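See below for the structure under consideration.
The values are calculated or read from the model by the stated rules, or taken from the named source; none is laboratory data. Remember, it's a predicted structure, so these values are computed and weren't measured experimentally. Here Cβ is always computed from backbone atoms with ideal geometry, including for glycine, and neighbour counts include all displayed protein chains.
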Amino acid sequence: MIQKIGVASIINATGVFKKNNIATNVNYATVPAFNSKYSAVDIAKAYQGMYGIQTAKTVSFGQSLSDAFSELTTQMKTCTDERGEKGEDVGSQVDVTELVKKFARELPSKYDAIKTNININIDPKTREIKPIIARTQIKKLPHDFIMYEMAVRPPEVIGQKRSDNLKQLISIFQKTNAGENDTQKAYVLNTKGNLMAVVEDGDNVLLTNAGSVKSKVKHGHIYAHALQDGNTFKPFPQPTMTQGVKKTQSVTDNLSVDPNNNGTEIVIGMEENRFVPEIIKSIEEFISKIDNGEIVLGEFHPQEGANNLQLAMLAGGFGSRAEYTNASSSGIMHGEKNGAQSTKGVFRTATGLTPMETTFVTLHNAGLLNCSKGQLKIGENIKFYLNKSGVNKGNGGFTVDLYNKMERSGRKYLAIFPNDSMSRMTNATQEMFKKMEQGNIAIAMIAKEVKSDDAKGNFGIMKLGADNEILEFKEKPKEIPDGYEKDGKCLTNTFQFAVSKEAFEALAMIEPFFPASKGKEPRDWSKTFIPIIMSLTQKGDIYEIAKDITKVVGEVNDKASFMDAITKAKNILSNQKIVAIPTGEPWADCGTLNALYHTTMQIASGDFQLEDFERKHVLDCINTETGLIASTPEQKKFIEDNYHINGEVMVVPKAQKVYPYIVKNYERKGLISVNERK
């Protein structure tokens with residue numbers, strides 16, 4: 001029943017599949033965009049001819065099949081936010097459930113199949129298609145099942161022989177007679193060329209790239225199977241109360257401590273309509289568990305001079321990497337066009353904590369934020385800042401706004417943390433504090449040694465000089481430059497750093513010369529602010545500094561005023577430097593669902609240091625025999641009652657609808673300090 005279809009003449013006639021006279025992927029042109037000059041039949045045949053698609057000769061190439069082809073071969077990008085602007089292309093998804101409905105009508109006979117290739121990795125800047133190709137097929141099977149399958153084999157480069165070794169395989173089998181109100185749906189999630197099978201069931205979302213999920217219900221209609229690098233699941237080691245546990249101990253015994261100092265405060269920064277209610281609710285639950293004894297922390301040893309410091313955490317809307325962790329990308333988990341209104345806030349890991357709350361524990365252990373029973377209070381040492389101004393959306397600009405609007409009396413510097421990493425870097429956090437207390441540091445940045453291959457395209461990396469001064473900084477390079485690598489590893493920016501009051505004042509001198517806002521603003525710490533401060537602190541010639549700054553922000557009009565501003569900014573900084581604090585302490589990136597998934601697997605395997613109360617929660621939330629890892633014991637029971645699990649499967653809560661009136665209620669209660677739109 002399968003035959004090859006020849007190339008249709010309309011390919012050359014229309015040029016719709018050409019870009020600069022080179023045949024290109026259909027990401028650049030989709031069926032609905034074509035005019036009526038060519039029929040759906042012609043367009044479908046053009047697809048077949050161009051991509052060598054095989055299909056049953058009995059298939060009628062109607063409009064619905066053309067639409068399905070379009071959906072099959074087109075990546076879905078990060079959703080637009082409430083202002084209609086896009087973030088970076090951090091991934092895509094295929095709605096398998098929707099495709100099954102379409103192809104069920106168009107594949108009339110058993111074992112009929114449609115096959116094609118999909119490019120699953122595109123450079124977000126150049127739009128260049130990288131050579132990562134998923135061979136994709138949809139096939140009709142007996143018993144009302146349709147199979148959707150994606151296979152990735154290295155190397156997938158044009159002109160090279162295809163390898164028989166699978167890098168990844170995602171197979172989803174779904175019945176075609178699922179009801180409209182059925183709670184089960186299936187997706188394939190693609191994060192920068194890494195695939196993951198996703199099954200949604202009511203309020204639960206199951207994710208795996210090395211396991212299988214099969215419905216237990218008698219008439220269950222979903223079976224998802226994932227394989228990565230040819231690996232099969234090896235049962236997790238049976239956890240114990242000591243495995244992976246870092247016993248709580250003071251790291252401040254050799255430091256002078258002011259007994260009247262109760263630490264400092266932390267401000268959680270959020271952007272309009274993003275994550276507000278769920279993040280506050282999550283922290284309220286965290287505080288409640290501390291106060292009722294469910295979470296037991298070690299004794300708090302406050303650092304002398306902690307009142308000189310203000311802590312800040314960027315919790316949503318400031319970078320697309322965190323969007324998966326926060327479920328704000330509507331195309332990923334819940335299919336709504338306006339993702340900013342539909343969020344969960346943060347996903348809990350098997351430890352019972354969100355990545356944000358994991359950082360709270362580290363700050364407590366470092367003697368900076370008192371999270372002891374009865375001490376952590378919203379409105380006192382934990383505050384919220386909501387930016388509704390519509391400007392300074394980048395993480396750098398937003399932090400400047402937060403710094404200006406949430407000023408703390410006596411503050412000399414601000415320490416910034418992300419909400420999308422899990423950190424146990426207690427000693428490094430404390431060292432960062434001590435460096436800033438010296439008074440000659442503009443920025444102190446915690447740096448983690450990672451494998452060079454992991455850093456490529458994912459992390460900012462740095463080259464150090466004497467006394468760990470950062471001499472050069474490269475943001476997410478595709479290749480590691482000379483001098484940055486040692487023994488196959490390099491130092492990466494963990495986005496945990498402190499900034500002096502003088503550095504903020506220097507940036508305020510330069511900011512008026514930044515270009516007017518056009519879409520995403522050029523106010524990013526790694527790409528803009530840090531390079532500017534590095535030039536101001538390392539170079540003596542103001543003309544050289546001016547060259548460096550214009551490379552970052554573009555040419556300026558009033559050059560005389562610009563040079564004067566550079567002189568003033570350099571004088572403000574005086575002899576301050578930017579330094580790194582290298583550390584080998586535990587840290588894990590959770591900026592995408594793939595990263596969160598792998599961190600969760602580390603936790604289950606005992607490879608991540610935990611506090612005693614976290615280990616107890618892990619014991620209640622994982623099944624070492626099947627590979628299931630849930631967020632709560634109740635969620636674990638639901639999944640085990642309804643699914644057969646075999647292999648590494650993480651379960652997280654589904655994103656929930658957030659209504660604007662909820663945000664207003666928090667504003668009325670005074671829990672949020674708001675910067676209104678200008």
Seminar exercise, completed: For segment 464-479, the count of residues that are of a type outside the set (G, A, S), in contact with a strand residue (DSSP E or B) (Cβ under 6 Å, 6 or more places away or on another chain) and within 19 Å of M432 (Cα to Cα) equals 6
For this session: For segment 183-219, enumerate the residues that are part of a loop (DSSP other than H, G, I, E, B) and hydroxyl-bearing (S, T, Y).
Result: T183
Problem set entry | Number of the exception - H301 against (1) touching a Gly at 6+ places or on another chain (Cβ under 8 Å); (2) modelled with pLDDT under 60 | (2)
Exercise. Does any residue of segment 397-411 turn out to be assigned to a strand (DSSP E or B) and hydrophobic (A, V, I, L, M, F, W, C)?
Worked result: no
Exercise. Looking at segment 431-492, what strands (runs of 3 or more DSSP E) fall wholly within it and have at least 2 residues that are among the charged types (D, E, K, R) and either touching a residue at least 24 places away in the same chain (Cβ under 8 Å) or more than 19 Å from L414 (Cβ to Cβ) (or both)?
Worked result: 441-451, 470-474
For this session: Note down all Cβ pairs under 7 Å where the first residue falls in segment 396-417 and is without any contact (Cβ under 8 Å) to a residue 24 or more places away in the chain and more than 22 Å from T429 (Cα to Cα), the second is among the β-branched types (V, I, T) and part of a loop (DSSP other than H, G, I, E, B), and they're at least six residues apart or on different chains.
Result: none
Exercise. Can we say K373 is under 30 Å from I510 (Cα atoms) and modelled with pLDDT of 85 or more?
Worked result: no
For this session: Kindly establish whether S109 is surrounded by fewer than 20 Cβ atoms within 10 Å (Cβ to Cβ), modelled with pLDDT of 70 or more and among the small types (G, A, S).
Result: yes
Seminar exercise, completed: Scanning segment 564-589 residue by residue, those in contact with a strand residue (DSSP E or B) (Cβ under 7 Å, 6 or more places away or on another chain) and under 26 Å from P531 (Cβ atoms) turn out to be L573, Q576, K577, I578, V579, A580, I581, P582, T583, W587, D589
Seminar exercise, completed: Of the residues in segment 416-430 that are hydroxyl-bearing (S, T, Y) and part of a helix (DSSP H, G or I), the one that is nearest to S574 (Cα to Cα) is T429
Seminar exercise, completed: Those residues of segment 485-517 which are in contact with a Ser or Thr (Cβ under 6 Å, 6 or more places away or on another chain) and either of a type in the set (S, T, Y) or on the phi > 0 side of the Ramachandran plot (or both) amount to G488
Exercise. Of the residues that sit in segment 143-188 and are surrounded by 17 or more Cβ atoms within 10 Å (Cβ to Cβ) and among the basic types (K, R), which one is modelled with the lowest pLDDT?
Worked result: K167
For this session: Kindly indicate whether any position in segment 594-612 is over 27 Å from L189 (Cβ atoms) and either at pLDDT 90 or above or surrounded by fewer than 22 Cβ atoms within 10 Å (Cβ to Cβ) (or both).
Result: yes
Exercise. Which pairs have Cβ atoms under 9 Å, sit 6 or more apart or on different chains, and link a residue in segment 264-278 that is farther than 15 Å from K383 by Cβ and in the same structural domain as N381 (by TED's automatic domain parsing) to one that is among the β-branched types (V, I, T) and modelled with pLDDT of 80 or more?
Worked result: none
Exercise. Out of segment 559-586, which residues are among the β-branched types (V, I, T) and crowded, with 16+ Cβ neighbours inside 10 Å?
Worked result: I566, I572, I578, V579, I581, T583
